[in-house]
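See structure below.
Derivation of every value follows stated rules applied to the coordinates shown; laboratory data play no part. Note that the structure is a prediction, hence the values are computed from the model and not measured. Note: ideal-geometry Cβ built from the backbone for every residue, glycine included; neighbour counts use all protein chains shown.
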Amino acid sequence: MPRIARVKSETAFYHIMLRGNNRHKIFNSIEDKDKITEIIHNKIGVDEAVLHAFCIMDNHLHLIVREGIAPISQTMKRIGTSYASYYNKKYDRIGHVFQDRYKSEVIENEKRLLAAVRYVHRNPVKAGISDLNSYKWSSYKNYLNVNCANKPGIKEILQLSSNEPENAIKAFIEFHKEKTEEYFIDVKELSPEEARIMADNYLKEAGINKCKLKNKENRPLLEDLVLELTKKSDLSLREIAAILEQNREAVRKIMSKEPSL
């Protein structure tokens, strides 16, 4: 599958996911999870980026970050290199710790930003390993502490609900209780059937069928859908083209980030 070029966020906000090589557990202990949490805060601080949310699972992590003075790719390289050095030394091993490049998606508005923060915090709940309040290795608990309400990263998110900290925290808690179907990058890769269902639902909401995706005026919809399937699955070019009933060359150009005609 062609490597997709990074999309630059106009707001500098990103949702980032980084997972263990071959999907192996790389945060095996309390010490490991504490270490990666420490590294994330330190390296993000070096680049003057802002961490808005995080969640450390056994084999992957999620971050909501506002890019700082360095490109987000450089910040993530600092994090990955530092943890890999620690991990390989501790477990007397060599080789890759993380799988390929980190995955990222841009966040371009406040509604999506809040949804992304909720999605990151609810990862342990979704995995069935903990409730929101009990999970230690996420930023959710920090949002519940009124003494943290003015800390960088937290303040901006809370103020999207209210300028009064206590009211903002209450709104934040209620928002996280809502059950919604949200699509964000994650370690769970869509199966071909799940990808087909996602595509069908997307087109149903857009009010068009697959045949109309070939029309020039619907090219932006086709591009969005191809890139969403690319982010959320390991499907090949051929498989994505078949699901969308599109010409392989048209799909290849989108996956290669070539300009639309």
### Query
Which whole-number percent gives the relative contact order of the chain, counting Cα pairs below 8 Å spaced six or more residues apart?
20 percent
### Query
Taking only Cα atoms, what is the 0 to 90° angle, nearest 10, from helix 30-46's long axis to the longest principal axis of the chain?
80 degrees
### Query
Could you work out the helix-only [θ] at 222 nm for the chain, with each DSSP H run of four or more residues adding -39,500 (n - 2.57) and the total divided by the number of residues, to the nearest 500 deg cm²/dmol?
-14000 deg cm²/dmol
### Query
Mind ordering 53-65, 169-181, 244-256 by average Cβ neighbours within 10 Å, highest first?
53-65, 244-256, 169-181
## Note on the structure
Checked against a 21 Å limit on the C-alpha separation, the offending pairs among Lys35/Lys126; Lys111/Lys170; Lys35/Lys90; Lys212/Lys253; Lys33/Lys170; Lys35/Lys141 are Lys35/Lys126; Lys33/Lys170
### Task
Quick one: check the C-alpha center-to-center distance for the stretch 55-99 versus the stretch 21-42, whole angstrom.
8 Å
### Summary
Magnitude of the Cβ-charge dipole (Lys and Arg +1, Asp and Glu -1) of the chain about the Cα centre, nearest 20 debye, reported as 600 debye
### Message
I'd like the orientation of helix 165-177 relative to the chain: the angle between its Cα long axis and the longest Cα principal axis, in ° from 0 to 90, rounded to 10.
### Response
50 degrees
### Message
Helix 192-206 against the longest principal axis of the chain: what's the angle in degrees, Cα atoms only, rounded to the nearest 10?
### Response
80 degrees
### Radius 12 Å from Cβ of Asn201, net charge of other residues (Lys, Arg +1; Asp, Glu -1)
-3
### Task
Return the Cα extents of the stretch 1-146 along principal axes one, two and three, sorted largest first, each rounded to a whole Å.
44, 37, 33
### Task
Just name one of Ser73, His96, Leu225: the one whose Cα is farthest towards the positive end of the charge dipole of the chain (beta-carbon charges, Lys/Arg +1, Asp/Glu -1).
His96
### Query
How would you classify the stretch 192-255 from its alpha-carbon gyration tensor, with a ≥ b ≥ c the square roots of the eigenvalues: rounded for a/c under 1.5, else prolate if a/b is greater than b/c, otherwise oblate?
oblate
### Message
Could you check the spin-label model distance between Asn88 and Asn28? Points 7 Å from the Cα along Cα→Cβ, value in nm.
### Response
1.6 nm
### Message
So for the stretch 110-261, considering every pair of alpha-carbon atoms, how many percent are separated by more than 20 Å?
### Response
59 percent
